[in-house]
1. How do the pairs read when you match residues in region 1-26 that are touching a residue at least 12 places away in the same chain (Cβ under 8 Å) and closer than 26 Å to GLY116 by Cα with residues anywhere that are within 13 Å of the ligand (Cβ to nearest atom) and of a type in the set (D, E, K, R), using Cβ under 9 Å and keeping only pairs 6 or more apart or on different chains?
2. Tally up the residues in region 30-51 that are in a helix (DSSP H, G or I) and within 14 Å of the ligand (Cβ to nearest atom), please.
3. Which of the residues belonging to region 32-55 are touching a residue at least 40 places away in the same chain (Cβ under 8 Å) and surrounded by fewer than 20 Cβ atoms within 10 Å (Cβ to Cβ)?
4. List the number of the failed condition for VAL136; all other conditions in (1) out of contact with any Gly (no Cβ under 7 Å at 6 or more places or on another chain); (2) over 25 Å from VAL41 (Cβ atoms) hold.
5. Residue by residue through region 78-112, note down the ones that are modelled with pLDDT under 85, surrounded by 19 or more Cβ atoms within 10 Å (Cβ to Cβ) and touching a Leu at 6+ places or on another chain (Cβ under 6 Å).
6. Quickly run through region 104-127 and pick out the residues that are more than 18 Å from the chain's Cα centre (by Cα) and free of Cβ contacts under 8 Å to residues at least 24 places away in the same chain.
7. Which pairs turn up if I take residues in region 128-153 that are on the phi < 0 side of the Ramachandran plot and look for partners that are outside any helix (DSSP H, G or I) and exposed (fewer than 15 other Cβ atoms within 10 Å of the Cβ) with beta carbon separation below 6 Å, at least 6 apart in sequence or on another chain?
Amino acid sequence: MPFTPVHMGPGLMFKALMRSSFSLMIFGWTQIVMDIQPLIVMISGEGHLHGFSHTFVGATLLAIVAALTGKYLAQLGLWMFRMRPLITVPIAWWVVFLSAFIGSYSHVLLDAVMHGDVQPFFPITLDNPFLRWISVSALHKVCLYSGLVGAGIYYAMNWKKPETDWR
Ligand SMILES: [Zn+2]
């Protein structure tokens, strides 16, 4: 938080590199699930902005939640946009879980670099060793350029070897 969509840059790079082993829709859904707790804190004005959701323990639980809820949401979305039949080509569970875990752990890491109140290794330590690993502007550039390069690689490879994979 507060820029959930920024996380989609690295997501595009994962998609370009992992292809059909990775679901961009599950990854994106995981980013939304991860930022529900900070959103509630921002609206209500109460609580720890990046609390339990932005720890690796919390991210493990939220990845499972995002995987279990996201599989059918993503399949429904694909079916609604007529990109994939609803039943015949489901997203494999291992792809769903892999994408959700990559989504939630990378989310904690990126937010920990940016926000001082993230405690990634709670309850072992409240320290945030990732804070300002790189500057905030460099972090935003990494997210932006990984998205642009990832999208470029993905479309270039699809152009050479056509494969419709919108998962
Ligand atoms: Zn966040």
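1. Cβ pairs passing all conditions: MET1/ASP35; MET1/ASP111; PRO2/ASP35; THR4/ASP35; HIS7/ASP35; HIS7/ASP111.
2. Looking only at that region, the number is 12.
3. Listed by number, the residues that qualify are MET42, HIS48, LEU49, PHE52.
4. The one condition VAL136 does not meet is (2).
5. ARG84
6. Correct list: GLY116, ILE124, THR125, LEU126, ASP127.
7. Listed pairs, sorted by first residue: LEU131/GLY116.
The values are calculated or read from the model by the stated rules, or taken from the named source; none is laboratory data. Predicted model only: the values in this text are computed from it and were never measured. Every residue, glycine among them, receives a Cβ derived from its backbone with ideal geometry; neighbour counts consider all protein chains shown.
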